[in-house]
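K.L.:
First, the structure itself, so that you have it in front of you.
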Amino acid sequence: MARTASFDRRVALDSAVELFWSRGYYATSMKHIERALDMRPGSLYATFGSKSGLFAEALNTYAARAGSDFEQIEDAESVVEGLQRYLRSFALPCSGDAQAPAQACMLIKTLLEVNAEDAELRSQVDGILAKVESRLCEVLHKAKAQGELRADVDCPRLARLLQTQIIGLRAFAERSVPNDQLIALADDMASMLDAYRIC
């Protein structure tokens, strides 16, 4: 019997994100993908073209989901305090399960895993992280314009420093360390911004 047209691309991509995030790109086989997305090989290839095509779309889906976290900064009364809350959130579980440990995000796992043979995927991750850095820089410029940061603050340099801290924390979260240590590290990361504020 033919499969009905009830296929939901968004649901399939959400499933692909969870699968690739948990297993990684190379350890995920087509059989894993078929089971997770409940799709046959022909449908998978017709829809996404290849495993790397599906992974590329899953990365974009993940990035869009993660990008919405910037709203908590923009909605805050103080830009710096909103940014500090954002930085502290990196010690929280990625899954939304309050009992789960924090873990490396899909972007950082991919950055560390994908090799030169998959240059397009590596370039895609680099591009997404560059956009995150650019958003951080925009937020810092806004904080400076509102008089929350000192006039001599180099916003692009500080944005790179913050992204380095975020990447480090997410990679560190892959270790078996108590969650309270991750929370303390995220708090230290957020507190770094106080050195750049106008007293």
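The values are calculated or read from the model by the stated rules, or taken from the named source; none is laboratory data. Because the structure is predicted, anything quoted here is derived from the model rather than measured. Every residue, glycine among them, receives a Cβ derived from its backbone with ideal geometry; neighbour counts consider all protein chains shown. The protein model used for the area step is the full one, side chains on, heavy atoms only, and it has no ligands, DNA or RNA in it. Shrake-Rupley method; radii C 1.70, N 1.55, O 1.52, S 1.80 Å.
K.L.:
Those residues that are polar (S, T, N, Q), part of a helix (DSSP H, G or I) and farther than 16 Å from I73 by Cβ, I need them from the range 140-199; list them, please. Talk me through it step by step, then tell me what you get.
P.N.:
Residues of the range 140-199 that are polar (S, T, N, Q), as a first pass: 146, 163-165, 176, 179, 181, 191.
From what's left, part of a helix (DSSP H, G or I): 163-165, 179, 181, 191.
Of everything in the range 140-199, those that are polar (S, T, N, Q), part of a helix (DSSP H, G or I) and farther than 16 Å from I73 by Cβ turn out to be T164, N179, Q181, S191.
K.L.:
Any residue in the range 162-175 that is free of Cβ contacts under 8 Å to residues at least 40 places away in the same chain sitting within a Cβ distance under 7 Å of a residue that is open to solvent by 40 Å² or more (accessible area, probe 1.4 Å) and not aliphatic (A, V, I, L, M)? List the pairs, counting only those 6 or more apart or interchain.
P.N.:
Q163/E133
K.L.:
For a quick check of your reading: which helices (runs of 4 or more DSSP H) sit entirely within the range 8-84 and have at least 1 residues that are under 18 Å from I128 (Cβ atoms) and of a type in the set (S, T, Y)?
P.N.:
Fully inside the range 8-84 and qualifying: 51-67.
K.L.:
Here are some conditions: (1) of a type outside the set (A, V, I, L, M, F, W, C); (2) modelled with pLDDT under 95; (3) in a helix (DSSP H, G or I). D97 meets all but one. Which one does it not meet?
P.N.:
(3)
K.L.:
Right, something else. Output the number of residues of the range 49-75 satisfying the condition of being among the basic types (K, R) and open to solvent by 50 Å² or more (accessible area, probe 1.4 Å).
P.N.:
Going through the range 49-75 one residue at a time, the tally reaches 1.
K.L.:
Considering only the range 155-177, I want to know if a residue exists there that is surrounded by 14 or more Cβ atoms within 10 Å (Cβ to Cβ), in contact with a strand residue (DSSP E or B) (Cβ under 7 Å, 6 or more places away or on another chain) and of a type in the set (D, E).
P.N.:
No, there is no match, as no residue in the range 155-177 is surrounded by 14 or more Cβ atoms within 10 Å (Cβ to Cβ), in contact with a strand residue (DSSP E or B) (Cβ under 7 Å, 6 or more places away or on another chain) and of a type in the set (D, E).
K.L.:
Name the pairs: first residue in the range 44-70 and modelled with pLDDT of 90 or more, second residue surrounded by 15 or more Cβ atoms within 10 Å (Cβ to Cβ) and of a type in the set (S, T, Y), Cβ to Cβ under 6 Å, at least 6 apart or on different chains?
P.N.:
F55/Y25
K.L.:
State yes or no: is Q146 closer than 21 Å to D69 by Cβ, among the polar types (S, T, N, Q) and at pLDDT 85 or above? Let's see the steps before the verdict.
P.N.:
Details: closer than 21 Å to D69 by Cβ: yes; among the polar types (S, T, N, Q): yes; at pLDDT 85 or above: yes.
Yes, satisfied.
Okay, residues lined up against (1) among the hydroxyl-bearing types (S, T, Y); (2) under 14 Å from the mean Cα position of the chain (by Cα); (3) at pLDDT 85 or above:
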site	(1), (2), (3)
S6	yes, no, no
E18	no, yes, yes
A36	no, no, yes
P93	no, yes, no
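K.L.:
From (1) exposed (fewer than 14 other Cβ atoms within 10 Å of the Cβ); (2) of a type in the set (A, V, I, L, M, F, W, C); (3) under 23 Å from the mean Cα position of the chain (by Cα), pick out the condition that doesn't hold for A46.
P.N.:
(3)
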